[in-house]
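Okay, so here's the structure we're looking at.
All of the numbers you see were taken from the coordinates with simple rules; none came from a lab. The structure presented is a predicted model; accordingly, all values stated were derived computationally and were not measured. Neighbour counts run over all protein chains shown; Cβ positions are idealised from the backbone, glycine included.
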Amino acid sequence: MTGKHPPITGGRTLADEMRDDLAQCEDRVVQIGAGADGLALLRLIDRVADELERLEARGVDLRAERARLEHVLGQLERRKRKLVAEMGGALAAGRPAEARWWWHLDERVAADRRRSLKRVATVTLAGLVLLALVYVLYDRFIAPPPHIRQASAHYFDGEQTASEGDLPGAIEQFEAAVTLDPERSEAYVWLGVLYEATGDVDRAEINFERARAFLKDDDGGETYFLFQRGALYLAFDDIDAAEQDAMTAIEAAPDRPEGFFLLGNVAERVGDLQMAAAAFQQTAALAEAAGEDALRATALMRFATLSEMLMTMPEQKD
């Protein structure tokens, strides 16, 4: 029976010391993005995981502590992009020879980005097919000025270059686009997200403000800006930023459909299908009221698909 009790060191058990370390992990993981010491956090998680394994092997019941560690790891996974950005090369440099998965967050972020950019490429390709037809008609019957056509070419090349993972190259293309066509608000949104992804926060904010300036006089301009930016954040797997833009858009204009549509996409990405379905249903209702038939049709299709999935899922039991 004694084997089921944690060893005592100086009046405190090893389990007590492990719980102290676990509490530090819980405090530090929420500081990611605000200057957290990434190496110290990962080493502390290692220590907690090691102690848990040793004590559990001795028969100590640590189910509550195991659940707390899993919660910390879940938060770490959710914030991995921010942690990798904060740590830079220190993560790879400090990685142990035999490292657990949390020491490979940079590789996971890179893999996520590759998958996301493939999604961007798919959307971009579909958009290019449609826009190619529009361009032919536009060029034949309206004949825009040459500099506008050149700006559009840079814009499309920027999307394609971003989908291939070349963010600096994409920035060059979008900068060329706004030089030729300085009133193209969506190009500024792209530039803001791309500069942010490459660590240039100041230039990101400048471009976000430029986009806002061009949209400020439009009906629902701020909501449309948040929708555009949030969609790009989601494409680059910055879930927290996309969700924040969705909630801000809904709070600012609860009668507009864009914020709810973005929220639906965010919820679907993280696996909350019930919330996603509800958001798409609300999107459809608001889009109908606003006379936005295309968005309404898309939202209804997404709602129907998710509703069918929810009906076929096994019922959760408490």
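Some notes on this structure:
- Restricting the calculation to Cα atoms, segment 52-95 shows an Rg/Rh of 1.17 when the hydrodynamic-style radius is the Kirkwood one.
- Panel order for 179, 223, by other beta carbons found within 10 Å of each beta carbon, from fewest to most: 179, 223.
- With R₀ fixed at 22 Å, the C-beta to C-beta distance from residue 98 to residue 14 puts the FRET efficiency at about 0.45.
- Label-point gap, in nm, between residue 23 and residue 58 - each point 7 angstrom along Cα→Cβ: 2.0 nm
- A simple charge model with +1 on the Cβ of Lys and Arg, -1 on the Cβ of Asp and Glu and nothing else charged puts the dipole of segment 218-318 at about 260 debye relative to its Cα centre.
- The order of 18, 311, going from fewest to most other C-beta atoms within 10 Å of their C-beta, is 311, 18.
- Segment residue 247-residue 111, extension gain: residue separation times 0.36 nm, minus the distance between their alpha carbons: 46.2 nm
- Per-residue Cβ neighbour rank within 10 angstrom, fewest leading, 224, 188: 224, 188
- Local electrostatic count at residue 47 - Lys and Arg +1, Asp and Glu -1, tallied over other residues with Cβ under 10 Å: -4
- Two-site FRET efficiency, residue 31 against residue 213, from Cβ-Cβ distance with R₀ of 35 Å, rounded to 0.05: 0.55
- Two-site label geometry, residue 312 and residue 78: point separation in nm, points 7 Å out along Cα→Cβ: 2.9 nm
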